[in-house]
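The values are calculated or read from the model by the stated rules, or taken from the named source; none is laboratory data. In this text the structure is predicted, and so the values were computed from the model without any measurement. Please note that ligands, DNA and RNA were not included when accessible areas were found on the heavy atoms of the full protein model with its side chains. Shrake-Rupley method; radii C 1.70, N 1.55, O 1.52, S 1.80 Å.
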Amino acid sequence: AAGKWRKITNVYTAGDFFKNGLNSEEAEKWIENGIHSGLRAREYLSVGLSAKQASSYWKNGIYPEEIKEWRAGGFDAESMLEWRYGPRKSTFFLTKDSPYSQNLYKLEKAIQWRNAGFTAREMQTSGIYRFELEEAKRWKAAGFQFDEAVQWRDLDFAIDEAFSYK
């Protein structure tokens, strides 16, 4: 067993994985997916993620407690990343893949906008346009796409006026 561990990692990291109930084959999968901590691997396992699934969360700086909350709200890995994090506004000069300067959106808001039939992008840009959910729902009910509604409203048209001209 020690020979298998030695091929994978150093004795301290091996001990960390072993102490957290992972054997060398399991630890190797986690390490290959960028997670070099047995404790962190155990935390991701506790929310039901495999090493491969946890990898994308780990690379994006998303930790297990946050995942549990969003999964309970009906979001899988991809949709959580889409709804939770807005587009990057800027990056560090030397580390272009850094999640620096991203907006974070709350689960409750994401659920409300998703349930009303809007996309993550529409929710995320609603603040820029000062477009509240209730108003967006009224425009949508009148047959306007989100971007159309923003344009009509910015031209100072009420919903019924915009509808008659459309």
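Brief remarks on what is shown
- Fraction of C-alpha pairs exceeding 14 angstrom in the stretch 1-71: 53 percent, rounded to a whole number.
- Put simply, the chain fits an ellipsoid with semi-axes of 46, 16, 10 Å; these come from the alpha carbon gyration tensor as the roots of five times its eigenvalues, largest first.
- Cα-Cα over 32 Å, subset of Lys59/Lys137; Lys106/Lys140; Lys59/Lys140; Lys19/Lys106; Lys4/Lys106; Lys19/Lys109: Lys59/Lys137; Lys59/Lys140; Lys19/Lys106; Lys4/Lys106; Lys19/Lys109
- Phi-derived couplings, Karplus 6.51 cos²θ - 1.76 cosθ + 1.60 at θ = phi - 60°, listed residue by residue for the stretch 159-166: 4, 5, 5, 4, 4, 5, 6, 5 Hz, with x used for Gly and Pro.
- Accessible area per residue for the chain, computed on protein heavy atoms with a 1.4 Å probe, is 64 Å².
- Sequence-separation-based contact order of the chain, relative, with Cα cut under 8 Å and 6+ spacing, percent: 10 percent
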